Amino acid sequence: MLARLGAFWRNRNGNFSTLTAITFPVLLLGAGLTLNAGALFLQKRNQQAITDLAAMTAAAHLTKAEDASLMTFGDNGLSGMSLIDAKASSGAAVGPTDTVKVEPGRYVLDAAKPLAERFTAGATPPNAVRVTAHRKGETYFPTPVLSDAVIGTTAIALIAPEASFSVGSRLADVDTSASPIINSVLGGLLGTSLKLSFNDYRALLNTEIDAFAFMDALASELKLTAGTYQQVLDSSASVGTILKAASKVSGISANAKTALSAITTALPSKPPALALNKLISLDKAAANKVGTQPVHPTAYRSPKLALLDLINAAAALGNGKNQVAVNTGLNIPGLTKVTADIAIGEPPQNSAYLTMGRLGTVVYTAQTRVRLVATVGLLPDISILPLPKAEISVPLLLDVGSARGELTAVSCRSNDASTASVSIAARPAIAQVYIADIRTPTQIKDFTRLPTLNDATLINVSATSLLGDLLSLKVTAGNGSGVNAAISNVRDTPLTFNALAIQSHTIKTASVENYSQTLTASLLKNLALNVELKPLKVGVDVGALVKPILSDAVIPLDTLLNTILTALGVKLGSVDVWVNGVNCSQPVLVQ
């Protein structure tokens, strides 16, 4: 017996079959566990994606968050889910299976707080939704573990309202004196000559178009109707194409269409193209297909574009970095022989004229320079000086930096745009005004440095004979490089727009502190003059004769400068801000 047992022990025949018989159940169990685990992993990933989508949908429809969330689960293949009370099983790691719990509350974007403490369920007013789903997992092999697995997923979506706003300067009205100046400035930027009346400009100023309707018309002109708004914005278009698209937006008056047609007809045959993303920025809404509105109407106030602002912005962008000479149409009472050169710098990156964005979005105006030479009067006759009539000219250089506006707060109650409030921190531009001669006028378009300046020549006259100059008079200002005054005490000013101000596109202004008089006035009224009278030395105070004329020129010079700058969307000592629209239902996944 013992011998047989020993032989059996030493026998190696059939050992593979024996090993297989012993290990096969273990291998089979392992394979089942692996397949079940893989299946549950895929189910959890799918369920998490649907939970994320459900949270975002619920956040976008706060007043019907539960219905929106449950519908999202059903539409994405997880039917049979039932709602449970948001207060039920609070704090439980695993809830009842095939259930959805929807919890509106408040989420605080505070990096100093632990992630788990940023959301408070039930807090009011709600700005976020937490969706928790539990569903019994499906397994394919009976195993001791994982057979009764419950898949739990959670997502929190925050409503991150957006606002579209613009920064710059808007004309309050256009009169008969302003329209020739705007014709000259706008025509110069467009490379043409304009003859629009003040009624034409009023029609453009008082007409607003829906930004998305304009984008749809622009997409049609560019043959991009099958794409997204971002594809439209990533393309380029000429000013003529932009104006043609604007004229096709519904609701435009006949007078506005006539004015648009007059500008389009006057444009050069091959106008330059401009990048549309420098004109309009739509943030997340840019991903929408052309022709689709981003959200439901009650949560959204579509951004509007004033036609005149759109034209001015497109003209400035289309002009690029070119220098524009404006020599006609600038005469106003008190000034004669006015010439101007205008240069507009490249706007900062990601700073479109109309920008839609979330907190922290910043919009800048472009740096601007204006060189102006104007005759402000004649030197009074001096009986003891046999001089011909002498003109008094004032050469000005205006260098304006970038004004800015930063979106600091956007709030809505229950996704309702009629309760929206928008806050913007606005900062006027730093500016310098020089009374000086520019050695090389073309230097004003080089924004990397200041042009070379000489003392301003106000009067330069001589009496001549066959033998040469008998008498000469030269009046200058400055000590080698002219004189200047600056606006430098700029600071952020908070501006808040309620729902009514947003709807009516109310313009609010941030001004420089203690800006009691204009830069032109501060210079001309206190200008120190250098008088050179050759070869005689007579007791005549020429400066006393000139200064009253310079003081009288302050108002017409300021009027002309302000009209030119406003046509360019720039303002001295202040900045205008207006909100074009608001989106109260833009959900963002935060957890």
In order through segment 365-370: 3J(HN,Hα) via Karplus (6.51 cos²θ - 1.76 cosθ + 1.60), integer Hz, x for Gly, Pro: 8, 7, 5, 9, 10, 10
Unit charges at the beta carbon, dipole of the chain: most positive-side option, V461, V326, G191: G191
Cα centroid separation - segment 313-373 against segment 422-459, whole Å: 13 Å
Charge dipole (segment 138-261, unit charges on Cβ, about Cα centre) - positive-most of L260, A213, A155: L260
Dipole of the chain, positive direction: furthest Cα of A31, L274, L317, with charges on the beta-carbon: A31
Cross-link table K64/K244; K304/K337; K223/K571; K270/K445, entries beyond 30 Å C-alpha to C-alpha: K64/K244; K304/K337; K223/K571
Phi-based couplings in Hz for segment 438-449 (Karplus 6.51, -1.76, 1.60; Gly and Pro marked x): 9, 4, 10, x, 5, 5, 5, 7, 8, 7, 7, 8
Principal axis dimensions, segment 362-457 - Cα atoms, whole angstrom, descending: 82, 31, 15
Length released on extending from Q591 to L109, taking residue separation times 0.36 nm less the Cα-Cα span: 172.4 nm
About the Cα centre, charge dipole magnitude for the chain (Lys/Arg +1, Asp/Glu -1 at Cβ), debye: 1380 debye
Cut-off under 5 Å, modelled amide H: who pairs with Q367 long-range: G345
Given [x] 54, 27, 21; [y] 73, 26, 23; [z] 54, 31, 21, the label whose value is semi-axes √(5λ) of the Cα gyration tensor in Å derived from this model: [y]
Net charge of Cβ neighbours under 13 Å - reference I280; Lys, Arg +1; Asp, Glu -1: -3
Cα-based shape type of segment 188-227, given that a ≥ b ≥ c are square roots of the gyration tensor eigenvalues and the cut on a/c is 1.5: oblate
Overall form of segment 194-314 per C-alpha gyration tensor (a/c, 1.5; a/b vs b/c): oblate
Summed side-chain charge close to L458 - residues other than L458 whose Cβ falls under 12 Å, Lys, Arg +1, Asp, Glu -1: -2
Bridge type composition, the chain - antiparallel percent by DSSP, nearest 5: 95 percent
Förster-model FRET efficiency, 51 Å R0, R439 and T225, C-beta, rounded to 0.05: 0.45
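Since every read-out is calculated from the coordinates, none of them should be taken as a lab result. These numbers come from a predicted model, not from an experiment. As a convention, Cβ positions derive from the backbone with ideal geometry for all residues, glycine included, and neighbour counts pool all protein chains shown.
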